[in-house]
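Asks: Below is a structure I'd like to ask you about.
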Amino acid sequence: MLLAIDCGNTNTVFSIWDGEKFLCTLRTSTHHARTADAYFTWFSTLIKHYELELDITDVIISSTVPRVVFNLRVFADRFFDCRPLVVGKPECLLPIEPRVDEGTLVGPDRLVNAAGAYDRHGGDLIVVDFGTATTFDVVAADGAYIGGVIAPGVNLSLEALHQAAAALPHIDIAKPQKVIGTNTVACMQSGVFWGYVGLVREVCDRIKAERDRPMKVISTGGLAPLFQQSHALFDAFEDDLTMHGLTVIYDYNKDN
Ligand SMILES: Nc1ncnc2c1ncn2[C@@H]1O[C@H](COP(=O)(O)OP(=O)(O)O)[C@@H](O)[C@H]1O
Ligand SMILES: CC(C)(COP(=O)(O)O)[C@@H](O)C(=O)NCCC(=O)O
Ligand SMILES: [K+]
């Protein structure tokens, strides 16, 4: 049984894969100072709720936060007696190497998204991941990650407004009914929500024009559901795309 760990800048997600399906998914906030023992306390307490027969033999980790990897490695070693595969490290093979500028360290989450999306949809894709940052990962016809776009995340944009302007409150994102806000909160939500709809449309159109071919657009990430119904931006929404990519990379390493 595989424990797949996807650590983003905001949230860390653990999923258990039995070779055919995910048995359960647990989410906690990302803290670089969390120890291996603290991970285990949290994990073992929560997992009881699912009443599963667990036999975890392997662990794979993708982390956009380099500092958490040490404690997750200790966690895997101490409690599951295994050496985890860490995406982005030389010993973790990728089904196909990224084609980017030499010396570029691509976020492992983006490599994982590319692998997961290619496995499900084939090539010529754009994966839009609404996480801490909003990333666009471009996948070529052969499945290679060939670059993309990094924009500030939705919540980060709202937080930046609040931090920089004395009269703007801390608010949560929501889809506004109208564009013209008639109060401060509605104005902020409109700017960020409709601004992102425009951002996604413009960036995807330009990527397709630059690649000069039709491309499928897949959305994922914590805030993707909010944009799912918005004006046919996406061909598919897959909230488990990163987790699926981790199982694809794990299988590839087992076989090679
Ligand atoms: N179900 C949800 N509803 C509202 N906001 C969410 C939800 N899940 C995640 N978020 C928010 O979406 C943002 C991105 O979350 P996530 O995709 O987990 O980020 P990351 O992968 O970068 O850690 C965060 O600001 C988080 O607070
Ligand atoms: C762009 C990111 C911050 C997105 O991370 P996330 O929103 O998932 O926490 C992450 O993929 C990253 O740190 N990338 C490194 C730079 C690059 O991918 O080119
Ligand atoms: K992201």
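The values are calculated or read from the model by the stated rules, or taken from the named source; none is laboratory data. Model, not experiment: these values are computed from the prediction. Positions of Cβ are backbone-derived with ideal geometry, glycine not excepted, and every protein chain shown enters the neighbour counts. Note: accessible area is taken over every heavy atom of the protein model, side chains too, but ligands, DNA and RNA are not part of it. Shrake-Rupley method; radii C 1.70, N 1.55, O 1.52, S 1.80 Å.
Asks: Which angle between 0 and 90 degrees, to the nearest 10, do you get for helix 241-255 versus the longest principal axis of the chain when only C-alpha atoms count?
Replies: 30
Asks: Let me ask you something else. Quick one: among 108, 84, 225, which has the greatest mean-square fluctuation in a GNM of the chain with alpha-carbon springs under 10 angstrom?
Replies: 225
Asks: Please report, to one decimal in angstroms, the Kirkwood hydrodynamic radius of region 118-180 built from all distinct Cα-Cα pairs.
Replies: 14.0
Asks: Work through the residues other than residue 212 whose Cβ is under 14 Å from its Cβ and net out their charges, Lys, Arg +1 and Asp, Glu -1.
Replies: With Lys, Arg at +1 and Asp, Glu at -1, the neighbours total +1.
Asks: What aspartates and glutamates could a cross-link reach from residue 89, if we take a straight Cα to Cα line under 20 Å and drop same-chain neighbours fewer than 8 places away?
Replies: The qualifying aspartates and glutamates are 6, 58, 77, 81, 97, 101, 102, 109, 137, 251, 255.
Asks: Mean shadow of region 1-82, computed from the convex hull of its alpha carbons, in nm²?
Replies: 4.8
Asks: Given only helices, namely DSSP H runs of n ≥ 4 each adding -39500 (n - 2.57), what is the per-residue ellipticity at 222 nm of the chain, to the nearest 500 deg cm²/dmol?
Replies: Helix-only estimate at 222 nm: -12500 deg cm²/dmol.
Asks: What is the angle, in °, between the Cα long axis of helix 184-211 and the longest principal axis of the Cα atoms in the chain? Nearest 10 is fine, range 0 to 90.
Replies: Between the helix axis and the principal axis of the chain, the angle is about 70 degrees.
Asks: Under 26 Å Cα-Cα from residue 48, which lysines qualify once same-chain neighbours fewer than 8 residues away are excluded?
Replies: Of all the lysines, those that pass the test against residue 48 - Cα under 26 Å, at least 8 places apart if same chain - are 21.
Asks: Quick one: which residues, 5 or more positions from residue 10 or on another chain, have an amide H under 5 Å from its amide H? H modelled 1.01 Å from N in the peptide plane, none for Pro or chain starts.
Replies: 132
Asks: Here's something else I'd like to know. What is the local net charge at residue 54, summed over the other residues whose Cβ is closer than 12 Å to its Cβ (Lys, Arg +1; Asp, Glu -1)?
Replies: Summing Lys/Arg as +1 and Asp/Glu as -1 gives -3.
Asks: With unit charges on the beta carbon (Lys/Arg positive, Asp/Glu negative), name the residue among 139, 92, 186 whose Cα is farthest towards the positive pole of the charge dipole of the chain.
Replies: 186
Asks: Still on this structure, please answer the following. In square nanometres, what is one fourth of the surface area of the convex hull spanned by the alpha carbons of the chain?
Replies: 15.4
Asks: Of the candidates 118, 50, 39, which one comes out as most mobile in a Gaussian network treatment of the chain with C-alpha springs shorter than 10 Å?
Replies: With Cα springs under 10 Å in the chain, the top fluctuation among 118, 50, 39 is at 50.
Asks: Ignoring everything but the protein chains, give the 1.4 Å probe accessible area of residue 243 in square angstrom, nearest 10.
Replies: Approximately 20 Å² for this residue.
Asks: What are the trypsin sites (Lys or Arg not before Pro) within region 15-48 that DSSP puts in a loop, where the Cβ has at most 13 other Cβ atoms within 10 Å?
Replies: When the trypsin sites (Lys or Arg not before Pro) of region 15-48 are filtered for loop state and at most 13 Cβ neighbours within 10 Å, 21 remain.
Asks: Residue farthest toward the positive end of the dipole of the chain, with Cβ of Lys/Arg at +1 and Asp/Glu at -1: which of 76, 41, 197?
Replies: It is 197, whose Cα lies furthest towards the positive end.
Asks: Also, I was wondering about something else. What is the local net charge at residue 63, summed over the other residues whose Cβ is closer than 11 Å to its Cβ (Lys, Arg +1; Asp, Glu -1)?
Replies: +1
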